[in-house]
Amino acid sequence: MKNFNYKNPTEIIFGEGRIKEVGERLKPHAKKVLLTYGRESIKKNGVYDTVVESLRANGIEFVEFSGIRPNPYLSHAKLGADLARKEGVDAVLAVGGGSVLDESKAIALGACYDCDLWDFFSGKASPQKSLKVFTILTVPATGSEMNGGMVLTNEDTLDKFGFASPFTYPVFSILDPSVTLSLPVSYVACAAVDIFTHATEAYFVKEDTASFVIDRAVEGVLKSLIESTDKILQNPQDIDARANFMWTATLAWNGSLHCGVGIYGVPNHVIEHPISAIYDIAHGAGLAIVLPAWMKVFEEKYRSRFAFLARNVFGVDEIDDHKAAQKGRESLIKWFKTLGAPVSFAEAGIFDVDVEKLSSLAMGVMGSKGVALMTQDEIKKVLEVAIK
Ligand SMILES: [Fe+2]
């Protein structure tokens, strides 16, 4: 294993009925918050009413900032930061899925600075402070509830960049699996693909292959993901399956699966970000398109790692690494299809694939993340394999 430091300061408040605790728990931290959310879903599932009631009961003032969209835009985050400054809030309370949480972190940073918020995403500047962030998660997928990361799209350039700061870890995140019972199966499918990719990016490409404690942990997370997803598809009201799925999503991207692995990249996220930025599809759908194609193009380079996945997660009984890797990829595609996720651009209804532009934007994403694992030609190959 490589040397590592690991610190995750986020408190997780997990379980049915825990959202009503928000006001009481916020009290020591903030007198006035910016309450951020997406569109109408939190009003339909009762979360909004529970939150507002709890804030009022505990004397916490709030200003609302809504309309955060999937694949959130930089310009909208800037509006939120302006409002947070104007209203003099102490903190941001984000209620929603990964997009709401990500944009809310950007708002919390932007509220503390006069510079262009994008400078943090492009790596031109590094934030040294932020408003405190608190979250109530309603769509498990991105892991944003227990990390300092965020992804935004700059709609002027179509760059979809992510970055992480130690200042934007949520102080606490409330995870109530009962609010996910109303999430449509199509959301669960996209989330499952995203979680799968979070858990496997470093597993495939990590520098250190002797950190087997992490390998076994990743494989456990993946098995739990597959088991809980399949149970939700069979019975969307299965609260235990929803709870396991929710915590699996958090574990996949809270940094614990990256301890001791050394240098790693996120090649599938690098290729996917421009796809969801340009075609405005769900991030998970974009990853379902990319991952099987990436595994095909990089089969030789990461063969032994793909064979591990095949044997230890999909139960492939095959001694030869090449054959095991192929069977593992086939098992993955089969599972994605069971979920209803598109495994090609064509299946997603995208027929005007601009390989040149997508690969060029992906190079920009990779540059912003600093780990160059692929050439532009290799990215083009992945995109070409993914067309049909
Ligand atoms: Fe992701």
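Computed from the mean reciprocal separation of all distinct C-alpha pairs, what Kirkwood hydrodynamic radius does the chain have, in Å? Every distinct Cα pair counted, the radius reaches 21.1 Å. Exceedance of the 28 Å cut-off in Cα-Cα distance is limited, within the set LYS223/LYS357; LYS2/LYS301; LYS32/LYS105; LYS231/LYS381; LYS2/LYS357; LYS27/LYS231, to LYS223/LYS357; LYS231/LYS381; LYS2/LYS357; LYS27/LYS231. Remark: spin-label model distance LYS20-LYS337 equals 4.7 nm, labels positioned 7 Å along the Cα→Cβ axis.
Measuring between their Cα centroids, region 185-224 and region 305-384 lie 14 Å from each other. Shape class for region 81-139: oblate, because the ratio a/c of the largest to smallest gyration tensor axis (alpha-carbon atoms, square roots of eigenvalues) is 1.5 or more and b/c is at least a/b.
Please state the shape class of region 90-195: rounded when a/c is under 1.5, otherwise prolate if a/b exceeds b/c and oblate if not, all from the C-alpha gyration tensor.
Numbers: a/c = 2.51, a/b = 1.50, b/c = 1.67.
Oblate, since a/c reaches 1.5 and b/c is not below a/b.
If you run the Gaussian network model on the chain, springs between alpha carbon atoms under 10 Å, then out of ALA189, ALA57, ALA141 the most flexible one is ALA57. The calculated P(r) of region 19-131, using every Cα pair and 10 Å bins from 0, goes 15, 45, 32, 8, 0 in percent. Derived scalar couplings between HN and Hα for region 149-160 equal x, 7, 10, 9, 10, 8, 5, 6, 10, 6, 6, 10 Hz in order, rounded to whole Hz, by the Karplus curve 6.51 cos²θ - 1.76 cosθ + 1.60 (θ = phi - 60°), x for Gly and Pro. Across region 352-364, rounded Karplus estimates of 3J(HN,Hα) from the backbone phi angles (6.51 cos²θ - 1.76 cosθ + 1.60, θ = phi - 60°) give 10, 6, 8, 4, 4, 5, 4, 5, 5, 5, 5, 4, x Hz, Gly and Pro being marked x. Please give the helix 74-87 orientation as an angle from the longest Cα principal axis of the chain, in degrees from 0 to 90, rounded to the nearest 10. In the chain, helix 74-87 runs at an angle near 20 degrees to the longest axis.
Distances between placed amide hydrogens fall under 5 Å for LYS132 paired with VAL92, all partners being 5 or more residues away or on another chain. At a probe radius of 1.4 angstrom, the accessible area of region 326-388 per residue rounds to 51 square angstrom.
Rule-of-thumb check for region 321-379: C-alpha Rg over 2.2 N^0.38 Å?
Working: Rg = 14.9 Å, N = 59, 2.2 N^0.38 = 10.4 Å.
Relative to the 2.2 N^0.38 Å estimate, region 321-379 comes out at 1.44.
Where does helix 239-252 land angle-wise versus the long Cα axis of the chain, in degrees 0 to 90, nearest 10? That helix lies at roughly 80 degrees to the long axis.
Around the amide H of LEU35, modelled in the peptide plane, lie the amide H atoms of VAL63, GLU64, PHE65, LEU93, all under 5 Å away and 5 or more residues distant in sequence or on another chain.
Take the solvent-accessible surface of the protein heavy atoms, probe 1.4 Å, and return the percent of it on the chain that carbon and sulfur atoms account for. Ligands and nucleic acids excluded, carbon and sulfur give 51 percent. Between rounded, prolate and oblate, where does region 169-299 land on the alpha carbon gyration tensor, with a ≥ b ≥ c its root eigenvalues, rounded for a/c under 1.5, else prolate if a/b exceeds b/c? Note, shape of region 169-299 comes out oblate. Scalar couplings 3J(HN,Hα) for region 271-284, obtained by applying the Karplus form with A = 6.51, B = -1.76, C = 1.60 to θ = phi - 60°, are 6, 6, 3, x, 5, 6, 5, 7, 9, 6, 9, 5, 3, x Hz; x denotes Gly and Pro. A 1.4 Å probe over all protein chains sorts PHE62, PHE306 by accessible area into PHE62, PHE306, starting with the largest.
The H on the amide N of GLU11, modeled in the peptide plane, is under 5 Å from the matching H of PHE172, SER173, each at least 5 residues off or on a different chain.
With coordinates expressed along the principal axes, the C-alpha atoms belonging to region 265-388 extend over 40, 31, 19 Å, beginning with the largest.
Calculated FRET efficiency, ASN5 to LYS32, Cβ-Cβ distance, R0 = 41 Å: about 0.75 to the nearest 0.05. When you restrict to C-alpha pairs under 8 Å that are six or more residues apart and normalise by the size of region 139-241, the relative contact order lands at 26 percent.
Taking every alpha-carbon pair under 8 Å whose residues sit at least 6 apart, region 55-201 reaches a relative contact order of 23 percent. Taken along the Cα-to-beta-carbon direction at a fixed 7 Å, the label points for GLU207 and ASP377 span 2.7 nm.
The values are calculated or read from the model by the stated rules, or taken from the named source; none is laboratory data. Since the model is a prediction, treat every value here as computed from it, not as a measurement. Backbone-built Cβ (ideal geometry, glycine too); neighbour counts: all protein chains shown. Remember, those area values only see protein heavy atoms, side chains included, never the ligands or the DNA or RNA. Shrake-Rupley method; radii C 1.70, N 1.55, O 1.52, S 1.80 Å.
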